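Novice: A single structure is presented below for examination.
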Amino acid sequence: MTSTLEQTAPPAPRTGYTIVDTDIHPHALGRDILPRLSAQHRRRFEMFGSRVPGPPEIYPRVRNSGFRLDSWPEGGFPGSDLQMTRAQLLDEFGVDHGILIPLQGHSWGVEQPHYAAALCGALNDWIVEEWLDPEPRLRSSIAIAHESPDLAAQEIARRAQDPRFAQVLLSTGGESGFGVRRYWPIYAAAAEAGLPIAAHTGGLEQHRGAGWPSFYLEEHVWNGNTMASLVTSMLCEGVFTEFPTLQVICVEGGIAWAGPLMWALDEAWPRLREDVPHLTKPPSEYIREHVWFTTQPVEEPDDPKHLEVALRHIGMPDRIMFASDYPHWDFDSPQQAPKLFPAALRRDIMGANACRLYGLPERGAAA
């Protein structure tokens, strides 16, 4: 495992539009977290680790732990080296803004609420000191102990004072569906802070109802289903009616599933309105008002026009944002990704939509 910084390609020509990468994965090593924990929590971390292993350690997983072969820094782990991230992503492709999503916060320490909160706090501290302070192009997600919503709300309030935290990180796999009332303190805190919720695939329970997959192919293509379940849970449980300003981003779950889901919900809603009296308008309207999508892993049919049709059916081109998923193996290059989308949508998808959501400046815009 050696650094390949010397072998990186020269910077790509800058595009005429702003590039915002909404899914970059930093990874804190044990040596980064331990000094940021109290003696009590440090001892537990050293002795027992965490109830749920990180995604690279969960079967099934492709070779190289699911990361790019060239993304392993000397003595580190993919995503643990800011300089490598700069060289392989920010600089090489002229990325204007990047949103960090530290997946370790998904389920770290969930077995003990205050331990989980301490781990997430240490992770957020590391992000600030080692990533946000030295690299102004980056923003981050607030890692929270989502199975302890009261403590999660406290962390949101604490980090919301720093404008470099652009969103609150949630997973798609919780102990319950994320629409149920026990999680509402998280949404209340996010709404009060004016921060969107970024729901990323993974977490504590990743295969509810379907059983654990035997093969990585099963797992990889199931992300859209877990994302649809999360959106449906939030919608039907009344999250969007209780928190009318809350915005939810579906990260790393594809996009094309949203159209059929909205059709099915709208078709059944008139017959079942008495069951969900809080839904006073067609479900698709709530989704179009509250939900956003990131592109990776966007569906790529043999005929690109089929994707264009799917996007037209969804009718939310102003809520789709580019994501590379760096440094994972299925990384989408900011140079190649625009070709997947109709020319009229590329500027918005590659950056303008994200700038609007996160309040980021567009390239060349007046100060």
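Novice: Take peptides 342-350, 273-281 and line them up by average Cβ neighbours within 10 Å, highest first, as a rough protection proxy.
Specialist: Values: 342-350: 17.3, 273-281: 11.4.
In descending order of packing, they fall as 342-350, 273-281.
Novice: Can you give the net charge of the other residues whose Cβ lies under 13 Å from the Cβ of residue 348, counting K and R as +1 and D and E as -1? Write out the running numbers ahead of the final one.
Specialist: Numbers: positive: 319, 346, 347, 356; negative: 318, 362.
Around residue 348, the charge tally is +2.
Novice: Given springs between every Cα pair under 10 Å in a Gaussian network model of the chain, which of 225, 353, 64 has the largest fluctuation?
Specialist: 64
Novice: Quick one: what are the phi-derived ³J(HN,Hα) couplings along region 266-282, Karplus 6.51/-1.76/1.60 with θ = phi - 60°, whole Hz, x for glycine and proline?
Specialist: 5, 6, 7, 4, x, 7, 10, 4, 5, 6, 10, x, 6, 8, 9, 9, x
Novice: Near the amide H of residue 255, under 5 Å away, which other amide H atoms are found, from residues 5 or more places off or on another chain, if H is placed in the peptide plane?
Specialist: Amide H neighbours of residue 255, under 5 Å, 5+ apart: 299.
Novice: When the C-alpha atoms of region 320-363 are aligned to their principal axes, what extent does each axis show, in angstrom, from largest down?
Specialist: Projected onto its principal axes, the Cα set of region 320-363 covers 30, 22, 17 Å.
Novice: Calculate for the chain the 222 nm mean residue ellipticity that helices alone would give, adding -39,500 (n - 2.57) per DSSP H run of length 4 or more and normalising by residue count, nearest 500 deg cm²/dmol.
Specialist: On the way: 14 runs with 120 residues, N = 367.
That comes out to -9000 deg cm²/dmol.
Novice: Taking N as the number of residues in the chain, what is its Cα Rg relative to 2.2 N^0.38 Å? Each step should come with its number before you reach the end.
Specialist: Details: Rg = 19.8 Å, N = 367, 2.2 N^0.38 = 20.7 Å.
Rounded to two decimals, the normalised Rg is 0.95.
Novice: What do you get for GluC sites (Glu not before Pro) in region 58-142 restricted to DSSP loop and a cutoff of at most 11 other Cβ within 10 Å of the site's Cβ?
Specialist: Numbers: sites: 74, 92, 111, 129, 130; in loops: 74, 92, 111.
Here the GluC sites (Glu not before Pro) that fit, given the DSSP loop and packing criteria, are 74.
Novice: I'd like the Karplus ³J(HN,Hα) series for region 343-356: coefficients 6.51, -1.76, 1.60, θ = phi - 60°, whole numbers in Hz, and an x wherever there's a Gly or Pro.
Specialist: Taking θ as phi minus 60°, the curve returns 4, 5, 9, 4, 4, 5, 5, 6, x, 5, 4, 5, 4, 5 Hz for region 343-356.
Novice: Read phi for every residue in region 220-226 and hand back ³J(HN,Hα) as whole Hz from Karplus 6.51 cos²θ - 1.76 cosθ + 1.60, θ = phi - 60°, with x for Gly and Pro.
Specialist: Each residue of region 220-226 in turn: 5, 8, 8, 4, x, 5, 5 Hz.
Novice: About its Cα centre, what dipole magnitude does the chain give when the only charges are +1 on Lys and Arg Cβ and -1 on Asp and Glu Cβ, stated in debye to the nearest 20? Write out the running numbers ahead of the final one.
Specialist: Numbers: 31 positive and 47 negative charges, 85 e Å.
The calculated dipole for the chain is roughly 400 debye.
Novice: Just to confirm, what accessible area per residue do you get for region 5-147 at 1.4 Å probe, in whole Å²?
Specialist: With the other protein chains kept in place, region 5-147 gives 41 Å² per residue.
Novice: Can you give me the % of accessible surface on the chain that is carbon or sulfur? Probe 1.4 Å, all protein chains present, nothing else counted.
Specialist: Numbers: 8450 of 15880 Å².
Solvent-exposed carbon and sulfur of the chain make up 53 percent of the total.
Novice: Under a 5 Å amide H to amide H cut-off, with H placed in plane at 1.01 Å, what residues pair with residue 198 once short-range neighbours are removed?
Specialist: Amide H to amide H, under 5 Å and 5 or more residues apart or across chains, residue 198 pairs with 168, 169, 170, 249.
Novice: Can I ask one more? Quick one: net charge around residue 360, please, counting Lys, Arg +1 and Asp, Glu -1 for every other residue with C-beta under 12 Å from its C-beta.
Specialist: Details: positive: 137, 139, 164, 356, 363; negative: 21, 96, 362.
Around residue 360, the surrounding residues sum to +2.
Novice: Near residue 273, within a Cβ-to-Cβ distance under 15 Å, what is the net charge of the other residues, with Lys and Arg +1 and Asp and Glu -1?
Specialist: On the way: positive: 271, 281; negative: 266, 267, 274, 275, 285.
That sum, taken over residues with Cβ under 15 Å, equals -3.
Novice: Putting +1 on Lys and Arg Cβ atoms and -1 on Asp and Glu Cβ atoms, find which of 279, 297, 239 reaches farthest to the positive end of the dipole of region 214-307.
Specialist: 279
Novice: Given the options 79, 16, 174, state which has the largest fluctuation in a GNM of the chain using a 10 Å cut-off (strictly under) for Cα springs.
Specialist: 16
Novice: For region 132-171, what is the largest minus smallest coordinate of the Cα atoms on each principal axis, given in angstrom and ordered from greatest to least?
Specialist: The Cα atoms of region 132-171 stretch 31, 20, 12 Å along the principal axes, largest first.
Novice: Sticking with this structure for a sec: Kindly state, to the nearest 0.05, the FRET efficiency for residue 181 paired with residue 266, given R0 = 25 Å and r defined as their beta-carbon distance.
Specialist: On the way: r = 25 Å, r/R0 = 1.00.
Step by step, r from the Cβ atoms, then E = 0.50.
Novice: Keeping all protein chains in place, calculate the accessible area per residue for region 207-326 (probe 1.4 angstrom), answer in Å². If you can, show how the numbers build up before the last one.
Specialist: Working: 5620 Å² over 120 residues.
On a per-residue basis, 47 Å².
Novice: Can you bin region 146-295 into rounded, prolate or oblate? Criterion: square roots of the alpha carbon gyration tensor eigenvalues sorted a ≥ b ≥ c, rounded for a/c under 1.5, prolate for a/b above b/c, oblate for the rest.
Specialist: Values: a/c = 1.65, a/b = 1.11, b/c = 1.48.
The shape class here is oblate.
Novice: Taking H placed 1.01 Å from N in the peptide plane, check which residues at least 5 places from residue 330 or on another chain put their amide H under 5 Å from its amide H.
Specialist: Under 5 Å from the amide H of residue 330 lies no amide H from a residue far enough along the sequence or on another chain.
The values are calculated or read from the model by the stated rules, or taken from the named source; none is laboratory data. None of these values were measured; they are calculated from a predicted model. Cβ: placed from backbone, ideal geometry, glycine included. Neighbour counts: every protein chain shown. These area figures cover heavy atoms from the full protein model, side chains too; ligands, DNA and RNA do not enter into them. Shrake-Rupley method; radii C 1.70, N 1.55, O 1.52, S 1.80 Å.
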